[in-house]
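Let me begin by presenting the structure, written as structure tokens, before commenting on it.
The values are calculated or read from the model by the stated rules, or taken from the named source; none is laboratory data. In this text, all values refer to a predicted model and were calculated from it rather than measured experimentally. Cβ placement follows ideal geometry from the backbone for every residue including glycine, while neighbour counts extend to all protein chains displayed. Accessible surface areas use protein heavy atoms only, side chains included; no ligands, DNA or RNA. Shrake-Rupley method; radii C 1.70, N 1.55, O 1.52, S 1.80 Å.
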Amino acid sequence: MKDLYQWTFNPIGLLERGASRGPVFPLHLWRKAIVGFRPDWNRAVLSDLETFRSRRSLSALTPYLHGGVVHLDQPAHDPRRRQLNPHFHDRALSALHERLSEVVTAGLPREEFDALAWAGPIVRRMLNIAFFDGALPDQLLARFLAPLEKPTPGALRPRPVLFRRMRAAIESAMLSPAPHTLAATLRTLDPATVDYDLAEELRVALAAGYDTTAHTLAWAIWQLGGHPEWQEPSALPLVINEVLRLYPAGWLGSRTAARDTVAAGVPIARGTLVCYSPYLTHRDPELWPDPLSFRPERFTARQAPWTFVPFAAGSRTCLGMHLARLMLTTALTPLCQAGLSALAGNPGIRTSITLRPIGPLWTKVGVTRRGVPTDTSGRCPPAP
Ligand code: HEM
């Protein structure tokens, strides 16, 4: 338990100190835990779903992620993903682009704005459009998602009444979903093979996709504002990758070892909480030269396997990866076209379930000023 205090108040500092001792290190929390971050560790932990199980991992601590495909283990996980995957694929999502653009155009910020405060509502509306063509009551959705933005234990507390209302709203929106929405395409799944709760699956997906995407968007706006040379819509895939490298929303993933095993040469006892950390992997100087610098051009080269894992990897890779990239590109394109400059704010890192900027992130849209004196490095300032 000796690490529990620091885990509560400065988990990133705890991880960084552990990483300075070696590529795999123990954490003394309320249960036995071990963290690794090198590619061989990521491969071992993320590709063996039989041994490294989601049940009883950290995501079970929050009702937001406790359910749907997130909490399925083998043998049920893979068939569920096989059903869901085609609906979340690039091609299936392309029909959403126009509607998502309309949402962004209608909500474009003017002059000076706080990128962090802007990103949440715009992602919320895009998710509502992508899943239900906007049929979910926005206020209810905002109330449902708000705890995900709060420091821990915000999203860990059960909220049965709110969750019941959310479920009822999802069920009602699914009755006659607009064409091309995720709700519509998922309803076409063969009822003979879908023996699971689709409303629950959609609720978990909405939660999994919200703060992850909103915080990535906020950081991307900030970095673009400090690097006008990258404000070119065609360069967005590189920029988004670099933002996901520096600020992986899923900063720590976990599994529980279902048996005694060995990963990357390290013995692991059954029941241990086994963690991988995209944050540590992406900032490891042995894997990424000058890791704290914002250099999107690094993504013009092919990355070594298991070194870039913002969406995890293997058969548990983020279900919403393509949707997230679509929302990010759709939101960032008009901002790049208009021109951004980062003004003032606090881009330091705060952790909750996901990584988020401390904020605010004051940004100006419409005029690109070069050489603004603002900290857009990926450096993590000391915890406040
Ligand atoms: C930038 C945005 C996002 C990031 C960085 C991100 C990151 C991740 C990561 C790291 C995981 C693996 C967690 C683990 O098992 O250890 C994951 C899983 C998942 N994500 Fe995302 N995510 C993002 C957006 C989305 C969106 C938009 C959706 C909406 C559909 C979504 C839905 C899910 C689901 C359902 C899973 C569980 C998959 C499974 O266990 O098979 N995510 N995400």
Amide H contacts under 5 Å for VAL35, restricted to residues at least 5 apart in sequence or on another chain and with H modeled in the peptide plane, are PHE25, LEU27, CYS275
Judged on accessible area alone, 1.4 Å probe, highest first, MET166, MET321 line up as MET321, MET166
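Quick one: Kirkwood hydrodynamic radius for the stretch 294-372, alpha-carbon pairs, angstrom, one decimal?
15.6
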For ILE268, the residues 5 or more places away or on another chain with a placed amide H closer than 5 Å to its own amide H are THR261, VAL262, ALA263
The chain accessible area per residue, 1.4 Å probe, protein heavy atoms, integer Å², reads 43
The stretch 320-347 scanned against label point 7 Å out from HIS180 along Cα→C-beta; backbone N under 13 Å for none
In Å³ per residue, the alpha-carbon convex hull of the stretch 1-85 encloses 118
Membrane-span-like helices (DSSP H runs, Cα span along own axis at least 18 Å, mean Kyte-Doolittle at least -1.0) in the chain -> 115-132, 160-173, 198-226, 321-338
The chain: longest segment with zero exposed trypsin sites (Lys or Arg not before Pro), where exposed means DSSP loop plus at most 14 other C-beta atoms within 10 Å, is residues 111-258
Counting only protein heavy atoms with a 1.4 Å probe and every protein chain in place, the carbon and sulfur fraction of the accessible surface of the chain in whole percent equals 56
Percent relative contact order for the stretch 169-288, counting Cα pairs under 8 Å at least six residues apart, stands at 17
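Keeping every protein chain in place, order SER59, SER54 by accessible area at 1.4 Å, biggest value first, i.e. largest first. Let's see the in-between values first.
Working: SER59 25, SER54 5 Å².
Correct descending sequence by accessible area is SER59, SER54.
Any chance you could run the full-extension gain for ALA301 through LEU162? It's 0.36 nm times the residue separation minus the Cα-Cα distance, nm to one decimal.
Values: separation 139, 0.36 × 139 = 50.04 nm, distance 4.60 nm.
The span from ALA301 to LEU162 would gain 45.4 nm if fully extended.
Return the loop-located GluC sites (Glu not before Pro) in the stretch 110-166 (DSSP other than H, G, I, E, B) with at most 11 other Cβ atoms within 10 Å of their own Cβ; answer none if there are none. Write out the running numbers ahead of the final one.
Values: sites: GLU111, GLU112, GLU149; in loops: GLU111.
Counting only loop positions with at most 11 other Cβ atoms within 10 Å, the GluC sites (Glu not before Pro) in the stretch 110-166 are GLU111.
Two decimals, Cα atoms only, Kirkwood Rh: what is Rg/Rh over the stretch 1-151?
Details: Rg = 19.9 Å, Rh = 19.3 Å.
When Rh is taken as the Kirkwood radius, the ratio is 1.03.
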For the chain, the Cα-Cα pair-distance distribution in 10 Å bins from 0, as whole percents, is 5, 24, 33, 27, 11, 1, 0
Computed over the stretch 114-271, the distribution of all Cα-Cα distances in 10 Å bins, rounded to whole %, is 9, 29, 28, 24, 10, 0
Along principal axes, largest first, the alpha-carbon spread of the stretch 58-105 in whole Å comes out as 39, 24, 11
Note on the chain: contact order normalised by length, alpha-carbon pairs under 8 Å, 6 or more apart, percent, works out to 25
For the ASP78, ASP260 Cβ pair and Förster radius 25 Å, calculated FRET efficiency rounded to 0.05 is 0.55
